[in-house]
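*Asks:* Before we start, here is the structure in question, set down as structure tokens.
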Amino acid sequence: VQLQAFGGGSVQAGESLKLACAGFGSFYGISLMRWYRQAPGKERELVAAIAGDDSTHYVDSVKGRFTISRDNAKNTLYLQMNSLKPEDTAVYYCNYYRWDGSATNFWGQGTLVTVSS
């Protein structure tokens, strides 16, 4: 499995960006698709997750502003980010967690989002 994330860029506070993560390979088993981010000098944190039943989870700081979604036919994960804030500045990584009797994590290469005030 390979994941390629894209869509990052530099925006002003209050603007929007939509990230995408294209998946290549075999997707099966019990899975979660997730977006993480890592700001300079900080640990990587989970931003949003979507399960196979399309249930979602968000970190409190992005609730109401970010929306995670997936297109299974295209093996693509999305993160719509609205009302961006400077504190959203980070490298965003997509992640595919698979459980098929053992747990495996696959990571995309990261895409940089910079929000200026």
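*Asks:* Work through the residues other than N82 whose Cβ is under 11 Å from its Cβ and net out their charges, Lys, Arg +1 and Asp, Glu -1.
*Replies:* Once positives and negatives cancel, what remains is +1.
*Asks:* Under unit Cβ charges (Lys, Arg +1; Asp, Glu -1), what dipole magnitude, rounded to 20 debye, does the range 14-86 have relative to its Cα centre?
*Replies:* Around 200 debye, computed over the range 14-86.
*Asks:* Full extension from D60 to N105: what is 0.36 nm times the residue separation minus their Cα-Cα distance, to one decimal in nm?
*Replies:* Extra length available between D60 and N105 comes to 13.9 nm.
*Asks:* For the range 1-76, with every protein chain kept in place, what is the accessible area per residue (1.4 Å probe, Å²)?
*Replies:* About 57 Å² of surface per residue is accessible.
*Asks:* What are the chymotrypsin sites (Phe, Trp or Tyr not before Pro) within the range 14-71 that DSSP puts in a loop, where the Cβ has at most 12 other Cβ atoms within 10 Å?
*Replies:* Listed in order of number, the matching sites are Y28.
*Asks:* Sort 68-78, 101-111 by the packing proxy (mean of other Cβ within 10 Å over each peptide's residues), most packed first.
*Replies:* 68-78, 101-111
*Asks:* Give the carbon-plus-sulfur fraction of the accessible surface of the chain in %, rounded to a whole number; probe 1.4 Å, heavy atoms of protein chains only.
*Replies:* 49
*Asks:* Each label point is 7 Å from the Cα along the Cα-to-Cβ direction; what then is the distance between the points at A73 and I30, in nm?
*Replies:* Going by the 7 Å Cα→Cβ label model, 2.9 nm.
The values are calculated or read from the model by the stated rules, or taken from the named source; none is laboratory data. These numbers were taken from a predicted model, which means no experiment stands behind them. Glycine gets a Cβ as well: all are built from the backbone with ideal geometry, and neighbour counts include every protein chain shown. Just so you know, the surface numbers come from the protein's heavy atoms only, side chains and all, with ligands and any DNA or RNA stripped out. Shrake-Rupley method; radii C 1.70, N 1.55, O 1.52, S 1.80 Å.
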